[in-house]
1. For region 92-135, which positions are assigned to a loop (DSSP other than H, G, I, E, B), farther than 10 Å from Thr169 by Cα, modelled with pLDDT of 95 or more and not basic (Lys, Arg)?
2. Looking at (1) closer than 25 Å to Pro138 by Cβ; (2) polar (S, T, N, Q); (3) under 17 Å from the mean Cα position of the chain (by Cα), find the lone condition where Ser95 falls short.
3. Need the failing condition index for Ser50 against (1) touching an Asp or Glu at 6+ places or on another chain (Cβ under 8 Å); (2) of a type outside the set (Val, Ile, Thr); (3) surrounded by fewer than 18 Cβ atoms within 10 Å (Cβ to Cβ), just the number.
4. Starting from residues that are touching a strand residue (DSSP E or B) at 6+ places or on another chain (Cβ under 6 Å) and not in a loop (DSSP other than H, G, I, E, B), keep the ones in region 22-53 and report whichever is farthest from Asn192 (Cα to Cα).
5. Out of Glu121, Glu96, Glu90, which single residue is over 27 Å from Gly176 (Cα atoms) and not hydrophobic (A, V, I, L, M, F, W, C)?
6. Tell me which residues, restricted to region 60-91, are farther than 30 Å from Ser198 by Cβ and part of a loop (DSSP other than H, G, I, E, B).
7. Looking at Ile4, Ile17, Ile86, Ile59 in this structure, which one is buried (at least 16 other Cβ atoms within 10 Å of the Cβ) and touching a residue at least 60 places away in the same chain (Cβ under 8 Å)?
8. Looking at region 162-199 only, could you name the residues that are within 20 Å of Val27 (Cα to Cα), surrounded by fewer than 24 Cβ atoms within 10 Å (Cβ to Cβ), touching a residue at least 60 places away in the same chain (Cβ under 8 Å) and not small (Gly, Ala, Ser)?
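The values are calculated or read from the model by the stated rules, or taken from the named source; none is laboratory data. Only a predicted model underlies this, so the values are computations on that prediction, with no experimental measurement involved. FYI the Cβ positions are ideal-geometry reconstructions off the backbone, even for glycines, and counts take in every protein chain you see.
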Amino acid sequence: MFIINCKNYEEISGDKILKFVKIAEKVSKKYKVKIAIAPPQHLIGLVSNSKIPILAQHIDNSKVGSTTGHIIPELLKKSKVNGSLINHSEHRISSEDVSNLVAKLHDLKMISVVCVKDVAEVKKYSKLNPDYIAIEPPELIGSGKAVSNEKPEIIIKAADAVKNAKNSTKLLCGAGIVSGQDVSKALELGANGILVASGIIKAKNWTKIIEEFSNAMKK
């Protein structure tokens, strides 16, 4: 799995998201790599009919109905959204909410991607059996310094923790990934995929960088 988190970057604003998703669709098909996009929340409706999975950047542990401003999983599913990031370092939530949301997405047959900051959280949340655990040391996010190079031992320990959970959860590596080499290194260390943001969105040539990452995913 190759997840691109668009955050709220200006580079992806307005109709630019449509161009970006079309590029990702073409590269996904060309390289036969599963690419998922997490667009800014207010742009989800523009791309929900995409040929590749669309994820929310955040969901709330709230119910359908009188919950103004909350992002409700059941309604996202009705809008053809495929799943969500949960507990991203820029939008942390309580352990109870993480647990409830993973269970809710499981019941809805939607993709759950729990973001964690360290190996202790990998051990804690992998027991919930989310589809993916994405480890991203906060200090490396957006730094251009890949965790696979700066702190490779974290990926190794995280991969062991996921394996020890003995369920279907897979490990994603994030934080500072800016090249195909960073991707290859993460996979060598035990990750099953990547979660990337600025390394893709802020690149001058989207096609070139997504192809570089996708090619590295296949090696």
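1. The initial filter retains those residues of region 92-135 that are assigned to a loop (DSSP other than H, G, I, E, B), namely 92-94, 108-110, 117-118, 127-131.
Then drop every residue that is not farther than 10 Å from Thr169 by Cα, which leaves 92-94, 108-110, 117-118.
With the extra rule that they be modelled with pLDDT of 95 or more, the set shrinks to 92-94, 108-110.
Selection gives Ile93, Ser94, Leu108, Met110.
2. It fails just one condition, (3).
3. It is condition (3) that Ser50 fails.
4. In the first step, residues of region 22-53 are kept if they are touching a strand residue (DSSP E or B) at 6+ places or on another chain (Cβ under 6 Å); the result is 24, 28, 33, 35-38, 47-48, 52-53.
Next cut, not in a loop (DSSP other than H, G, I, E, B) only: 24, 28, 35-38, 47.
Details: Ala24: 19, Ser28: 16, Ile35: 13, Ala36: 14, Ile37: 17, Ala38: 18, Val47: 26 Å.
Checked region 22-53; the qualifying residue farthest from Asn192 (Cα to Cα) is Val47.
5. Values: Glu121 fails: over 27 Å from Gly176 (Cα atoms); Glu90 fails: over 27 Å from Gly176 (Cα atoms).
It is Glu96.
6. Quick first cut of region 60-91, residues farther than 30 Å from Ser198 by Cβ only: 63-68, 74, 78.
Result: Lys63, Val64, Gly65, Ser66, Thr67, Thr68.
7. Details: Ile17 fails: touching a residue at least 60 places away in the same chain (Cβ under 8 Å); Ile86 fails: touching a residue at least 60 places away in the same chain (Cβ under 8 Å); Ile59 fails: touching a residue at least 60 places away in the same chain (Cβ under 8 Å).
Being buried (at least 16 other Cβ atoms within 10 Å of the Cβ) and touching a residue at least 60 places away in the same chain (Cβ under 8 Å) holds for just one of Ile4, Ile17, Ile86, Ile59, which is Ile4.
8. Residue satisfying the conditions is Asn192 alone.
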